[in-house]
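The values are calculated or read from the model by the stated rules, or taken from the named source; none is laboratory data. Source: prediction; values computed, not measured. Backbone-built Cβ (ideal geometry, glycine too); neighbour counts: all protein chains shown. Just the protein is used for accessible areas: all its heavy atoms, side chains included, with ligands, DNA and RNA removed. Shrake-Rupley method; radii C 1.70, N 1.55, O 1.52, S 1.80 Å.
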Amino acid sequence: MALEIVVMIKQVPDSQEVEIDPVTKTLNRMKARNVLNVADENALEAALIIKDRAESHITIVSMGPPMADEAILECMGKGADRGILLTDRAFAGADTYPTGLTLAAAITKLGKFDIIFAGEETSDSSTGHVGPGVAEFLGIEQITYTRSVRFEDGNVIGERELEDGIEIVRARPPVLITVRLGSNIPRRQTLRKKIDAIKTGVETWTLQNLGIPAEWVGFKGSPTVVRSMKTIKEKERAARKITVSEIGELVKELAGNGVIKMEVEQQ
Amino acid sequence: MTGLINAVPTDKPEEYRNVFVFLETRKGAIVKSSLEMIGIGKEIAEKVKEKLVCILVGNDLAPMAKEAGKYGCDKVLGAESPDLEDFKTMPYAHYAAQFISEEKPNIFLIAATHDGRDLASRIAVKSRTGVTADCTVIDIDPNERILLANRPVYGESTLAEILCKNHRPQMATARPGVFKVPDAQDGRNCEKDIRRVRVDPDLIRKEIIGFRPKVEFDITDADIVVSGGLGLGKKEGFQVLEELAKELGGVVGASRPAVDVGWIDRDHQVGQTGRVVRPKLYIAAGISGKAQHIVGMKQSDIIIAINSDPDAEIAKYSDYFINDDVYAAIPELIKEIRKLKGEKEVEIST
Ligand SMILES: Cc1cc2nc3c(=O)[nH]c(=O)nc-3n(C[C@H](O)[C@H](O)[C@H](O)COP(=O)(O)OP(=O)(O)OC[C@H]3O[C@@H](n4cnc5c(N)ncnc54)[C@H](O)[C@@H]3O)c2cc1C
Ligand SMILES: Nc1ncnc2c1ncn2[C@@H]1O[C@H](COP(=O)(O)O)[C@@H](O)[C@H]1O
């Protein structure tokens, strides 16, 4: 039986192009192009690597505005089999709790799943909380921050990147995996698959399809609210120009202030 | 398992008291970023005259509980079992959430390490509350006892203040390296409640089958960091930096591209996807000053930038700007430091 794989992806404003409105201090998304969140490209590639070796069926799930179908088609052009866009006015303004709930409700509706992939974090909200949230709603284990994932003898083996080393973890499906940004090189779309993707199309699911109350999702369902946005004040620094010939003076000054220590071995 | 259910506003939020901090441990010791959480946790607990309670999940917790007490925690709540020796999300989240439902804390903090973030949102979902990720400024409204969780957004340009007014506990993860480790002191009072638990086998669904430690090296510990970027032009440039670092008693750091091209190990990377350092002195040699690098070093006390481009962005983040070639400036720095050391030596011997 084929492995049922779900990849959760999000369309985000291209971080290279994002501008911040100097007046409202909010993201000026109008100017930025929308792209597939980079870590999610790595998550999809990790799923496709499994599909290269074991018979698998990959479903893309994304919550976002109608135009996000573009990002889903891109994933299908690379080898995903099915694409589902969760789009509804009611979903707007969600923090990580209702985002995870909405995605988990969609995955539940899909039926059987073995491995769920997510990116380590998104470039626009960068919490890394949505993946583990989905795993909790579904009651499954997770392996986060993976740099590589294998499927072997019915187990998923992930190498987690931690602050002090690499932890190798084995889990039996169903399991949720989050994938490190830049941990693999995402493949390109093929023309053939792209054409197929356009033919197959992206399915759109609304709140009604999920069967959960409107108060549970989007802004209404979010426990956290943003109270204010402030520009981060940078510490003012003098940028005093020093020429190479003045370096001797600089060194003396720093030594005098105790910034650099002139430990001299005493006899 | 939480099931598909919404976050629910807490009935009597005023009944929720005290600050919880989850402690991450490694080889029988509390990790540095969790000690930082004890520091900030204690600070906000004192503001509202409440207790700081630390949560430990693992095996043989007594030495770590003792350590937590030394750093200022008022009470330790622990779940101990050989099955909890390794970090496993489901049982760890289970015990943390159980402690929450028993003790009803007002605030719950976790360091935003990889394991910390792995756990945080699961604990939040289990408790049907919200969590703010990766905070760099944390405070409390002393009257309402509302957590003021601030996190940088939009490429670190803006600080968003996020509140979770109606749900308890109010949860946040906090960025490692931002908050201070408090002083340790013997003989502080700390109540300990460590329970031997029998872990439900259904919660054990993953297994740690290996660990490859990183070479023991942590640039965040150093007082002086000398970093190099692509402007060094070649791998050998790092040898020159190494020489300067040695002369200063510091360590070598790097920009991400310098790591990517293989001039130096990733352990040395400073920045958004590397480490956040705040040494007494930071020297940036051949680094342009892109936002992702700046976030990793802008809290340094003094910054010296060396860059041949007079308009390099790094200049505005520097206290001293040496607008010249790295290969002119670095050897001169080394020479002048040696010279000064030599003079001192003469002073002492005469
Ligand atoms: C998601 C994401 C995460 C990132 N994370 C990080 C991170 O953690 N850390 C990080 O550093 N970057 C990170 N980056 C990359 C970052 O955006 C910049 O590309 C990077 O910091 C630039 O590195 P650099 O300054 O070494 O190189 P460059 O930008 O190429 O700058 C080289 C500088 O050297 C100067 N120079 C050249 N020759 C000489 C010479 N002979 N003498 C003196 N000066 C000279 C040049 O004037 C120039 O200013 C990240 C990017 C992204 C998109
Ligand atoms: N709206 C969304 N739709 C689908 N997947 C999402 C969405 N938001 C977040 N994710 C997934 O969760 C990961 C972590 O996101 P975040 O918690 O926002 O940093 C992302 O890399 C995606 O895989």
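Odds and ends about this structure:
- Shielding of B:194-207 by partner chains, average beta-carbon count, 10 Å: 2
- Taken as Cα centroids, region B:276-350 and region A:212-241 sit 34 Å apart, rounded to the nearest whole angstrom.
- Taking the Cα centre of chain B as origin and assigning +1 to Lys and Arg Cβ atoms and -1 to Asp and Glu Cβ atoms, the resulting dipole is close to 920 debye.
- Close amide-amide hydrogen proximity is noted between B:Ala174 and B:Ile110, B:Ala111, B:Ala112, B:Asp134, B:Cys135, each under 5 Å apart and 5 or more residues distant or on a separate chain (H modeled in the peptide plane; Pro and chain starts excluded).
- Computed from backbone phi with θ = phi - 60° and the Karplus coefficients 6.51, -1.76 and 1.60, the 3J(HN,Hα) list for region A:190-206 is 10, 4, 4, 5, 5, 5, 4, 4, 5, 5, 5, x, 9, 7, 10, 10, 10 Hz; x is used for glycine and proline.
- Lysine pair count for region B:219-342 with Cα-Cα distance under 23 Å and sequence separation of 8 or more or different chains is 20.
- A:Gly83 long-range amide H proximity, modeled H, under 5 Å: A:Ile60, A:Glu203
- q = 0.15 Å⁻¹: log10 I(q)/I(0) that the Debye formula gives for region A:67-208, counting C-alpha atoms only: -0.88
- Loop-resident sites, region B:214-290, for GluC sites (Glu not before Pro), counting at most 14 other Cβ within 10 Å (DSSP): B:Glu216, B:Glu236
- For the protein assembly as shown, cysteines whose Cβ has no other cysteine Cβ within reach (under 4.7 Å): A:Cys75, B:Cys135, B:Cys164, B:Cys190
- Around B:Leu61: net Lys/Arg minus Asp/Glu count, Cβ-Cβ under 15 Å: -1
- Dipole-positive endmost among A:Leu73, A:Val130, A:Ala238 within chain A (Cβ charges, Cα centre): A:Leu73
- Across chain B, the longest piece that holds none of the trypsin sites (Lys or Arg not before Pro) lying in DSSP loops with up to 14 other C-beta atoms within 10 Å covers B:50-179.
- Tensor-based shape of region B:1-131 (alpha-carbon gyration tensor, a/c under 1.5 rounded, otherwise prolate or oblate): oblate
- Solvent-accessible area, 1.4 Å probe, carbon plus sulfur percent, for the protein assembly as shown: 49
- Region B:239-335, dipole about Cα centre (Lys/Arg Cβ +1, Asp/Glu Cβ -1), debye to the nearest 20: 440
- Solvent exposure of chain B amounts to 42 Å² per residue of accessible area, where only protein heavy atoms count and the probe is 1.4 Å.
- Summing Lys and Arg as +1 and Asp and Glu as -1 over all other residues whose Cβ lies under 12 Å from the Cβ of A:Ala238 gives a net charge of +3.
- For region B:308-350, with +1 on Lys and Arg beta carbons and -1 on Asp and Glu, the positive-most of B:Ala315, B:Gly342, B:Ala328 along the dipole: B:Gly342
- Taking amide H as placed 1.01 Å from N in the peptide plane, the amide H of B:Asn18 sits under 5 Å from that of B:Lys51, B:Asn106, each at least 5 places away or on another chain.
- Listed residues A:Thr206, B:Thr158 arranged by accessible area, highest first, probe 1.4 Å: A:Thr206, B:Thr158
- Inter-chain neighbour count for B:299-309: the average number of beta-carbon atoms from partner chains within 10 Å of each residue's beta-carbon is 2.
- Note that region A:95-112 has calculated 3J(HN,Hα) couplings of 8, 5, 4, x, 4, x, 4, 5, 5, 5, 5, 5, 5, 4, 5, 5, x, 5 Hz, one per residue in order, obtained from phi through the Karplus relation 6.51 cos²θ - 1.76 cosθ + 1.60 (θ = phi - 60°); glycine and proline are x.
- Those GluC sites (Glu not before Pro) in region A:201-239 that DSSP places in a loop and that have at most 13 other beta carbons within 10 Å: A:Glu234, A:Glu236
- In this structure B:Asp60 has an accessible area near 100 Å², from a 1.4 Å probe over the protein heavy atoms.
- Counting Cβ atoms of other protein chains within 10 Å of each residue's Cβ and taking the mean over peptide B:83-89 gives 3.
- Given +1 at the Cβ of Lys and Arg, -1 at the Cβ of Asp and Glu and no other charges, the dipole of the protein assembly as shown around its Cα centre is 1140 debye to the nearest 20.
- Comparing Cα centroids, region B:126-196 and region A:45-97 end up 33 angstrom apart.
- Expected 222 nm ellipticity per residue - DSSP helices of 4 or more, -39500 (n - 2.57), all of chain A, to 500: -8500 deg cm²/dmol
- Candidates per GluC sites (Glu not before Pro) in region B:76-112, loop by DSSP, up to 15 other Cβ within 10 Å: B:Glu85
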